[in-house]
Each structure stands twice: as structure tokens, then as C-alpha cells.
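The values are calculated or read from the model by the stated rules, or taken from the named source; none is laboratory data. Just so we're clear, the structure is a prediction, and the values are computed from it rather than from any experiment. Here the Cβ positions follow ideal geometry from the backbone for every residue, glycine too, while neighbour counts run over all protein chains shown. Note: accessible area is taken over every heavy atom of the protein model, side chains too, but ligands, DNA and RNA are not part of it. Shrake-Rupley method; radii C 1.70, N 1.55, O 1.52, S 1.80 Å.
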Amino acid sequence: DFNSNKLVIPSRNYLEKNMSAMCGAVDDLIKEQTQMRGYQVNVAKHQSQIRYQREKRKQENEARVQRGEMPVPFEEPPKLQPLNRYDSLLISNQLHTLCHQVNELSALNFGRSYLLGGLNKRQ
């Protein structure tokens, strides 16, 4: 007597856990991408402010030179702290691994299903 549930149930639990982990990893990756977009916007604003301050200082220095005064050097503002990209890399790698595992399990289950279909036809 052959019981096909013994083949299906363990893989179903494993597949459900992997799919749940994949959903969590996708959510984490979306958060990381949102942070990256925010960081890029901040960098663009920062660069724009630096250009504005340089131009303003240049104009002030031209006016100072015309008055016979010494120009004032431009002091670079502190740079923005770079964003850590390792988390995104780790999440992407985790997602890749989970997708690979689901793909292998799906192929295995497809083979099992094909085998069970053949066994059921014989009975």
C-alpha cells in the first residue's frame, strides 16, 4: 500500500517556510532600496548646496578684491557618510539562495508528481 502524503507534506512545510523567508527578504530589500533612494537625494542636495556656496563665495571674493581686500578661501563642508551597501548585498544573496532552493524543491516535487501520476494510472 503506497501513501503519497508521505512525499508531499514534508516538502510542503519546507516550501512554505522558504516562501515566507523570501517574502521577508523582499521586504528587507525594499527597505534597503528606499534608504538608498533617500541617500541619493541627500547627496544631490548636498552637492547642490556646495555648488551654491562656492558660487556665493566666488562672488564675495570678487567683490572683496575690487575693494582691495584679501579673498577668503572656501572651506569644504563635511562630506556625507557613505551608505553601507553590505546589507543589500547580503539580502540579495539570501534571496538568491532561497529562490534556488525553491526552484530545486519545485523540480523535485514535479518529478514526484509525475511519478505519482504514473503509479495511480497503474492501480
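Summary of values
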item: Neighbour cut-off at most 10 other Cβ (10 Å), DSSP loop, chymotrypsin sites (Phe, Trp or Tyr not before Pro), region 18-109; result: none
item: Electrostatic dipole magnitude of region 1-114 [Cβ: Lys, Arg +1; Asp, Glu -1; Cα centre; debye, to 20]; result: 340
item: Fully extended contour minus Cα-Cα distance, from R51 to N84, at 0.36 nm per residue; result: 9.3 nm
item: Apportionment of accessible area to carbon and sulfur, region 13-123, percent (1.4 Å); result: 55
item: Additional length obtainable on full extension of the chain from E60 to V102, 0.36 nm per residue less Cα span; result: 8.7 nm
